Amino acid sequence: QIELDSTLNRGSGEFTVIGMTWELGDVKLSGDCFNAMDTLVLFLTSHPGLVLEIQVHSGRTSPKLSTDLSQRRAETLRNMLVHRSICSTRLVPIGKAATEPRVSQETIDQERDPRLREEMKQMNRRVVFHVLATDHREACP
C-alpha cells in the first residue's frame, strides 16, 4: 500500500510505502516487505517521470550508527529498485537517521502502554519518497 501526499499530482510532495521494514540493525528488508516492494515497483513503472529522494528514517540509536545504517539502507533500497529495472538516475538515496521524527522521544517516553509506545517508534522508522522532479526523460544506462 502506498500512502500519497495530496500535492504529488502538482509535481511536489512525498509518499510513504506502508509495510516497508528492515531487519533489526541490518540493511536487509524484513521478509514480509516484498509485497510492498512489488507495489512500489509497479507505482514507479507507471510514473516514469518521477525523480525521487529515498529518505530512510530510523529510531533512536547513536547518531553515528543511525546515520550510517540509514544511509546504507537507502542505498540498498535504490539498488533493489535498479535491479528491478527502475533507472538509477531517478533515485537519490538519503539516510535521515533520527533527525526528523514524527513523534518526539519525549512523547514516546511518557507513553505507559508498551503497544502504543512501539507504534509511536514505528512511525519514526519509515521510508519516505520525496519527489524531486516529475519530468525525468533521461535514458537509462
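Since every read-out is calculated from the coordinates, none of them should be taken as a lab result. Nothing here was measured: the structure is a model prediction, and the numbers come from that model. Glycine also receives a Cβ, built like all others from the backbone with ideal geometry; neighbour counts cover every protein chain displayed.
A few comments on the model shown:
- Protection proxy ranking of 45-53, 111-119, 87-95, by the mean of other Cβ atoms within 10 Å over each peptide's residues and highest first, is 87-95, 45-53, 111-119.
- Rounded Å value of the spacing that divides the Cα centres of the stretch 62-133 and the stretch 14-38: 10 Å
- In nm, spacing of pseudo-spin labels at Glu119 and Cys140 (7 Å Cα→C-beta vector): 3.8 nm
- For the listed peptides 126-135, 21-30, a ranking on the average number of other beta carbons within 10 Å per residue, highest first, reads 126-135, 21-30.
- Within the chain, Cys33 have no other Cys Cβ under 4.7 Å of their Cβ and so lack a disulfide-compatible partner by this rule.
- Taking every C-alpha pair closer than 8 Å and separated by at least 6 residues, the mean separation divided by the residue count of the chain gives a relative contact order of 33 percent.
- Against the main long axis of the alpha-carbon atoms of the chain, helix 34-46 sits at an angle near 40°.
- The value obtained for the chain, namely the Cα convex hull volume divided by the number of residues, is 113 Å³ per residue.
- Full-stretch length increase - Asp109, Thr39 - with 0.36 nm per residue and alpha-carbon distance subtracted: 21.8 nm
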